[in-house]
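S.K.: Can you read through this structure? Questions will come right after.
The values are calculated or read from the model by the stated rules, or taken from the named source; none is laboratory data. These numbers come from a predicted model, not from an experiment. Quick reminder, even Gly has a Cβ in these numbers, built from the backbone with ideal geometry, and neighbours come from all protein chains shown. Calculation scope for accessible area: heavy atoms of the full protein, side chains included, ligands and nucleic acids excluded. Shrake-Rupley method; radii C 1.70, N 1.55, O 1.52, S 1.80 Å.
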Amino acid sequence: VLSFIIFICYIASLVTSFFMAPLLEFLLALFLFFAYAVKLNEKFKGLYWPLSDFLRCVTAAIIYFAISIAAVSRYSDGASKAAGVFGFIATIVFAIDFYITFNDLVTFLKQGSSDSPEERKSE
């Protein structure tokens, strides 16, 4: 929802060149939401879904932070300032999601590394 709001703000502002990043992020989030809703993550076991969510959060946080700084510092219209402020909020939200997903990845990797020696012992 936040990505869609930022997209609308960039469309209404003078900074129309930045509207593509929130649009792509919104569509990617919508795809992942749809994928989890129809349980594609259970059908495609070869793809580690939290890793794709982790990479999406990292890139989104970096991109939103960069375009928010540019929008707030270079442009003076209200829509650009609003998009920049919402972009900073989105950066914080994606950083929190990044932290939560990172902890899930660490737990998974620790679990995977502890299973390997047991499998070797049984063989």
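S.K.: Test of understanding: what is the full-extension gain from LEU55 to PHE4, defined as 0.36 nm times their sequence separation minus their Cα-Cα distance?
M.R.: Answer, rounded to one decimal: 16.4 nm.
S.K.: Further, regarding this structure: What angle do you read, to the nearest 10 degrees and between 0 and 90, between the alpha-carbon axis of helix 2-12 and the longest principal axis of the chain?
M.R.: Between the helix axis and the principal axis of the chain, the angle is about 30 degrees.
S.K.: I've got another one for you. Counting only protein heavy atoms, what percent of the accessible surface of the stretch 20-113 is carbon or sulfur at a 1.4 Å probe?
M.R.: Carbon and sulfur: 76 percent of the exposed surface of the stretch 20-113.
S.K.: What net charge is computed for the residues neighbouring LEU30, neighbours being all others with C-beta under 14 Å from the C-beta of LEU30, Lys and Arg scored +1, Asp and Glu -1?
M.R.: -1
S.K.: Report the FRET efficiency, 1/(1 + (r/R0)^6), for ALA35 and ILE89, where r is their Cβ-Cβ distance and R0 is 25 Å, rounded to 0.05.
M.R.: After rounding, the FRET efficiency stands at 0.50.
S.K.: If we sort 16-25, 31-40 on the protection proxy, mean other Cβ atoms within 10 Å, highest first, what's the order?
M.R.: Order by mean packing, descending: 16-25, 31-40.
S.K.: Then there's this: Kindly express, to the nearest 10 degrees and within the range 0 to 90, the angle between helix 49-74's C-alpha long axis and the longest C-alpha principal axis of the chain.
M.R.: The two axes meet at around 20 degrees.
S.K.: Between (1) 16.1; (2) 20.0; (3) 14.3, which matches Kirkwood radius over Cα pairs in Å calculated for the structure shown?
M.R.: Correct label is (1).
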